[in-house]
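Novice: Before we start, here is the structure in question, set down as C-alpha cells.
Laboratory data are not the source of any read-out in this text; all were calculated from the coordinates shown. All values reported here derive from a predicted model rather than from experimental measurement. Because the Cβ atoms are built from the backbone with ideal geometry, glycine has one as well, and the counts that use them run over all protein chains shown.
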Amino acid sequence: MITVLATAALSGCGVSIDDLLDRPDSISSVTNGNAPGVTPVTVPGAIQVIDMNGDVHETSVDVIDAAEAEDDISNTLPARNLASVASNLAFSEDSNFAYTQLGESARTTYREIYAVITDMLEKVELTTKDTDEVDLAFRAVMVDHPEIFYVKGYSIGKYMSGSVLKKIVFSGTYTMNKSERERCQSEVDAYVDGIIGGCPDTGNDFDRIKYVYDYLIRNNEYDLDSENNQNILSVVQNGRTVCQGYTKMMQLVLNRMGIFCTLVNGKACGRNGVPDSQDLKDSKNAEWGGHVWNIVKCNGMYYNVDVTWGDAAITLMNTDGTLSTDIDVNYEFFLVDDAELAGTHEPEPVVRMPRCNSMEDNYYNHEGVYFTQVDPDQLYRVFESALSKGETHVFIKAANEDVFKRLHEDLFDRQNVFEYLGRTNVRYVEFEERNLIMISL
C-alpha cells in the first residue's frame, strides 16, 4: 500500500473537492506554502479518500489493488439497507433549509449522508457516483444541523475499474466515539434548555431572537484558540468560541424554539472575518477572512444576524486611549437587510439563501433610534426613554450619509444635544462608515 498526505489552507469556510478529483484514476497533488509537493501517480483500480476539515483540507490517498479493495469494503460495510432508512427520513423547511434547495438526487444523497453520520458509520456505499453531489450534500447537512458537533469532515472511497467508477463509499470523520458523543449531547441539551427556559414569553419573534443574541454575546468571548471552536461545544464547555460556535448555537437554539434560522457561509472584512476599527473605515482595502453568520425569519421577514460581530465588531476608545466598557452588545448587524451587509460581508453560500430585503424589525428601527431626517421630537423621545431606563448610552442610527451629517450638525455643531439631554457636558463616539453615533449618558 502507498499512502501520501497533502495539506492546503482554505480561504473561507468551505471548498469544492472538484479540483482535487479532476482525474478519478490518479493521485492528486496539493501544495501550500512550505508543504511538500506530491508527485501524481496513476494507479488503475485505486481507492481515493478525501478527508475535509473546516479551515484545513487534508487529502489522503490510499492506493489499494482491486482485490484488496473488495475485501476491505466487504469487511466494513454495515449490514443495513441505507437507501430504505434514508428514504424514511423527513426534514422540515424551518430547520433544514439547505435540504429544500437541493435537487431530488442530491436530497437522496443528503438523507443517506445524514443517516451515516448520525449513526457514526464508516465506508457505507452511497447511491450516487457523483463526487460533486456528495460534497454538496455533505455541506448542506452541516449547514442544516448544528447539533452535529462530532464530525469535522468526511472521506470517500472511489472504487474504480480502469477509468470506470464502480461505487463510492462514505465515512464521516469523527472527533469522538459514541459514548463521548452521548455525554457531550447531554451537556448541549442542558445548555440549550437553560437558554430557552429563560426566554421571555412575549410571543414576539423580535424579543425571542434578541434574547438569544444577547445571551450568547454576554456569556461567551471571541477566542481563536478555544478548543472545539468550529462547533457548539466551544460555547457549551468553554464559553469561548469563534464565528462557527456563535452562529451554530444561535441556529440550534432558535430552531428548537420554532424560529427559522439557517447558516450562511462566506467571508467578511477583517482578519479571520472579524474587523477592527481600521478595517471598518476602509473595508475595500482591508484583509478579509472566512466567516459565517445567520439568516433568521422575524415576524414573517428574513434578516441577517451576525452574533460574532455583535460581540467583537466595534472597539470603543476613551479620550485617554483606554478601552471603553460602555457597551457589551453591538446591534449594528442584528436583523439587517442584505444592503446593510454589502460593504463588509460577502456570502458564498452552499445553497441559494433567502433574500433579506426588510429593515422593519431592524434593532434601531424597532427601538425608535433610526433617523431618516433630523427630527427634534424624535431626538427628545430617544434621550428621555434612555434616561428613564437608566441606560448608560444611546445609539442614533442615520439612514444614510446625508442624514448622518445633518444629525451631527444639529447635535454637536449647533450643540442642541445639551438641550435634548438637559446637561452641559457630553461624550460621544461617531462611526462615520456605519452612519452611527453613540452618546454616553
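Novice: For the range 115-128, just list the computed ³J(HN,Hα) in residue order, Karplus coefficients 6.51, -1.76 and 1.60, θ = phi - 60°, integers in Hz, with x standing in for Gly and Pro.
Specialist: My calculation for the range 115-128 gives 5, 5, 6, 6, 9, 6, 8, 9, 6, 9, 6, 8, 5, 6 Hz in order.
Novice: Taking amide hydrogens as modeled 1.01 Å from N in the peptide plane, which residues meet the under 5 Å criterion relative to residue 348, leaving out close sequence neighbours?
Specialist: 265, 266, 267
Novice: What FRET efficiency comes out for residue 433 versus residue 225 if R0 is 22 angstrom and r is the Cβ-Cβ distance? Round to the nearest 0.05. Each step should come with its number before you reach the end.
Specialist: On the way: r = 29 Å, r/R0 = 1.33.
So, using R0 = 22 Å, E works out to roughly 0.15.
Novice: Continuing with this model, one more query. Tell me, what is the percent relative contact order of the range 367-441, built from C-alpha pairs under 8 Å that lie six or more residues apart? Please report the intermediate quantities before stating the final value.
Specialist: Values: 95 pairs, mean separation 26.6, N = 75.
Over the range 367-441, the number comes to 36 percent.
Novice: Computed over the Cα atoms of the range 178-363, what is the ratio Rg over Rh, Rh following Kirkwood?
Specialist: Working: Rg = 16.3 Å, Rh = 16.9 Å.
Over the Cα atoms of the range 178-363, Rg/Rh equals 0.96.
Novice: Next question. Find how many whole Å separate the alpha carbon centroid of the range 113-188 from the alpha carbon centroid of the range 381-427.
Specialist: 54
Novice: With 5 Å bins from zero, work out the P(r) of the range 101-244 over every alpha carbon pair and list the percent per bin.
Specialist: Going out from 0 Å in 5 Å bins, the range 101-244 shows 2, 9, 16, 16, 15, 13, 12, 8, 4, 2, 1, 1, 0 percent.
Novice: Give me the number: length gained by fully extending residue 367 to residue 400, i.e. 0.36 nm times residue separation minus the C-alpha to C-alpha distance, one decimal in nm.
Specialist: Working: separation 33, 0.36 × 33 = 11.88 nm, distance 1.78 nm.
Computed gain between residue 367 and residue 400 is 10.1 nm.
Novice: Any idea what % of Cα-Cα pairs in the range 203-259 are farther than 17 Å?
Specialist: Numbers: 528 of 1596 pairs.
Here the tail beyond 17 Å accounts for 33 percent of pairs.
Novice: Tell me, what HN-Hα J-couplings in whole Hz come from the Karplus equation 6.51 cos²θ - 1.76 cosθ + 1.60 at θ = phi - 60° for each residue of the range 356-366, using x for Gly and Pro?
Specialist: Working through the residues one at a time gives 10, 10, 10, 10, 4, 9, 4, 3, 5, 5, 4 Hz.
Novice: Hey, with R₀ at 56 Å, roughly what FRET efficiency would residue 256 and residue 424 work out to, going by the Cβ-Cβ distance, to 0.05? List each step's numbers first, then the result.
Specialist: Numbers: r = 51 Å, r/R0 = 0.90.
For residue 256 and residue 424, the calculated efficiency is 0.65.
Novice: Determine the sum of side-chain charges near residue 220: Lys and Arg each +1, Asp and Glu each -1, restricted to other residues whose C-beta is under 10 angstrom from that of residue 220. Could the numbers behind the result be given before it?
Specialist: Values: positive: 218, 240; negative: 221, 223, 311.
Residues close to residue 220 contribute a combined charge of -1.
Novice: Could you list 264, 85, 429 in order of exposure, starting from the residue whose Cβ has the fewest other Cβ atoms within 10 Å?
Specialist: Ordered from fewest to most neighbouring Cβ atoms within 10 Å, 264, 85, 429 come out as 85, 429, 264.
Novice: Another question about this same structure. Okay, which of the range 367-386 sit inside 16 Å, backbone N to the point 7 Å along the Cα-Cβ direction of residue 414?
Specialist: Once the point is set 7 Å along Cα→Cβ of residue 414, 372-381 turn out to lie under 16 Å by backbone N, inside the range 367-386.
Novice: Around residue 125, which amide H atoms from residues at least 5 apart in sequence, or from another chain, sit under 5 Å from its own amide H, with H modelled in the peptide plane?
Specialist: Amide H neighbours of residue 125, under 5 Å, 5+ apart: 170.
Novice: Can you put 176, 142 in order, fewest other beta carbons within 10 Å first?
Specialist: Details: 176 15, 142 26.
The fewest-first ordering by Cβ neighbours comes to 176, 142.
Novice: Further question on the same structure: Quick one: divide the alpha-carbon radius of gyration of the range 367-441 by 2.2 N^0.38 Å and tell me what you get. Mind showing how you got there, number by number?
Specialist: On the way: Rg = 11.2 Å, N = 75, 2.2 N^0.38 = 11.3 Å.
Dividing the Cα radius of gyration by 2.2 N^0.38 Å gives 0.98.
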